[in-house]
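Presented below is the structure to which this report refers.
The values are calculated or read from the model by the stated rules, or taken from the named source; none is laboratory data. Since this is a predicted model, take the numbers as computed values, not measurements. Heads up, the Cβs are rebuilt from the backbone with ideal geometry, glycines too, and the neighbour counts pull from every protein chain shown. For the accessible areas, the whole protein counts, side chains as well, though only heavy atoms, and no ligand, DNA or RNA atoms are used. Shrake-Rupley method; radii C 1.70, N 1.55, O 1.52, S 1.80 Å.
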Amino acid sequence: MNKNKPEPRRKGSVQIRNKKASFEYSFIDTYTAGIVLTGTEIKSIRLGKASLVDAFCYINNGEIWVKGMNVSPYFYGSYANHESKRDRKLLLTKKEIRKLDADTKSPGFTIIPTLIFIDEHGRAKVRIALAKGKKEFDKRQTLREKDDKREMERAMKRF
């Protein structure tokens with residue numbers, strides 16, 4: 001068994017989350033979008049080698065793009081390997097893109113990718129959310145609720 005060879009994952013087991021997004025933003029609406037990838041990119045995502053930290057979406061000429069998503073180069077890729085931080089096109093209907101475009105015109109709203117996953121057909125999908133930035137006191141409230149929930153779970157385990 002070769003130790004340098006990456007382990008392939010089962011179909012549908014990849015779930016790459018943007019954990020920071022739920023702390024920084026409150027989600028208004030969510031959408032599931034397809035993503036346009038090259039061959040080495042989908043192989044890296046299936047191995048779980050992607051990150052959504054500091055990623056965001058923008059709309060340009062009626063198309064929605066994700067910027068800042070990091071997909072590590074494929075281990076066995078050759079000269080045809082991909083750039084790790086290129087802009088990638090998302091696949092949504094025109095109606096959904098128009099709605100998102102209208103919603104993001106309001107101040108404080110943005111589009112954030114929250115999850116990358118592989119569906120049952122083996123295709124990579126991205127869950128995006130229309131989000132509004134939280135204020136400092138909202139973030140403190142979120143932390144307080146999280147701590148209270150953890151304390152309640154600990155108390156329930158004792159009994």
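The table for this structure:
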| read-out | value |
| --- | --- |
| Checklist (1) under 11 Å from the mean Cα position of the chain (by Cα); (2) of a type outside the set (Val, Ile, Thr); (3) at pLDDT below 90; (4) under 18 Å from Lys125 (Cβ atoms) applied to Phe56, failing item | (3) |
| Leading residue by the ranking (nearest to Ser22 (Cα to Cα)) among those in the range 112-159 that are open to solvent by less than 80 Å² (accessible area, probe 1.4 Å) and in a loop (DSSP other than H, G, I, E, B) | Lys134 |
| Residue within the range 44-58 that is free of Cβ contacts under 8 Å to residues at least 12 places away in the same chain and open to solvent by 80 Å² or more (accessible area, probe 1.4 Å) present | no |
| Hits in the range 66-108 (condition: assigned to a strand (DSSP E or B), surrounded by fewer than 17 Cβ atoms within 10 Å (Cβ to Cβ) and either touching a residue at least 40 places away in the same chain (Cβ under 8 Å) or of a type in the set (Ser, Thr, Tyr) (or both)) | Lys89, Leu91 |
| Some residue of the range 53-75 being out of contact with any strand residue (DSSP E or B) (no Cβ under 8 Å at 6 or more places or on another chain) and within 15 Å of Ala131 (Cβ to Cβ) | yes |
